[in-house]
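Here the structure is laid out as structure tokens; the discussion comes afterwards.
The values are calculated or read from the model by the stated rules, or taken from the named source; none is laboratory data. Just so it is clear, the model here is predicted, and its values are computed rather than measured. Because the Cβ atoms are built from the backbone with ideal geometry, glycine has one as well, and the counts that use them run over all protein chains shown. To get the accessible areas, we keep the full protein, side chains included, count just its heavy atoms, and leave off ligands, DNA and RNA. Shrake-Rupley method; radii C 1.70, N 1.55, O 1.52, S 1.80 Å.
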Amino acid sequence: QVQLVESGGGLVQAGGSTRLSCTVSTSIFDFVNMGWYRQAPGKRRELVAIVAAGGNTNYADSVKGRFTISRDNAKNTVYLQMNSLRPEDTAVYYCNGNHRGYGVNYWGKGTPVTVSS
């Protein structure tokens, strides 16, 4: 079965860093692109960063210069390096992948990131 499993996050102090990982159970090559979304309490889920199969990346304006998305094809894993964290970055972060063959989006269960002020 296709599964996306996130790891990392937790409680981080403002100004600190952490790295999130998302591992695909099958193959990362099954996906046109992969990305990270986040949802804070009472807020809509929003796009944080996207990386395409060809390596092109896009970021939300709020995280540009602070976050970096990357993928390791050999490990079937996508990463989100998060630096200079702010309290407003507090949210549940979700891994997402757009499947080539099935034409659907797969989601991880989410991992919480809490940034203390």
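Only residues of the range 28-43 count here: report those whose backbone N is under 18 Å from the spot 7 Å along Cα→Cβ of S117, or say none. Hits in the range 28-43 for S117 at 18 Å: 40-43. A simple spin-label model places the labels of R100 and T26 1.1 nm from each other, with each point 7 Å out along Cα-to-Cβ. Once C-alpha pairs closer than 8 Å and six or more residues apart are averaged by separation and normalised to the residue number of the chain, the relative contact order reads 36 percent.
Listed values for the range 61-66 are Karplus-derived 3J(HN,Hα) couplings in whole Hz (6.51 cos²θ - 1.76 cosθ + 1.60, θ = phi - 60°), namely 4, 5, 10, 4, x, 10, and x replaces Gly and Pro. Solvent-accessible surface of the chain, taken per residue with a 1.4 Å probe and all protein chains present: 54 Å². Nonpolar atom fraction for the chain, defined as the carbon and sulfur part of the 1.4 Å probe accessible area, stands at 45 percent. If you wrap the tightest convex hull around every Cα atom of the chain and split its volume per residue, you get 96 Å³.
Coordinate range of the alpha-carbon atoms in the range 1-43 per principal axis, descending: 36, 23, 17 Å.
Stretched out straight at 0.36 nm per residue, the stretch from V5 to N73 would grow longer than its current Cα-Cα span by 22.9 nm. Based on every Cα atom in the range 27-67, Rg and the maximum pairwise Cα distance Dmax equal 11.8, 35 Å.
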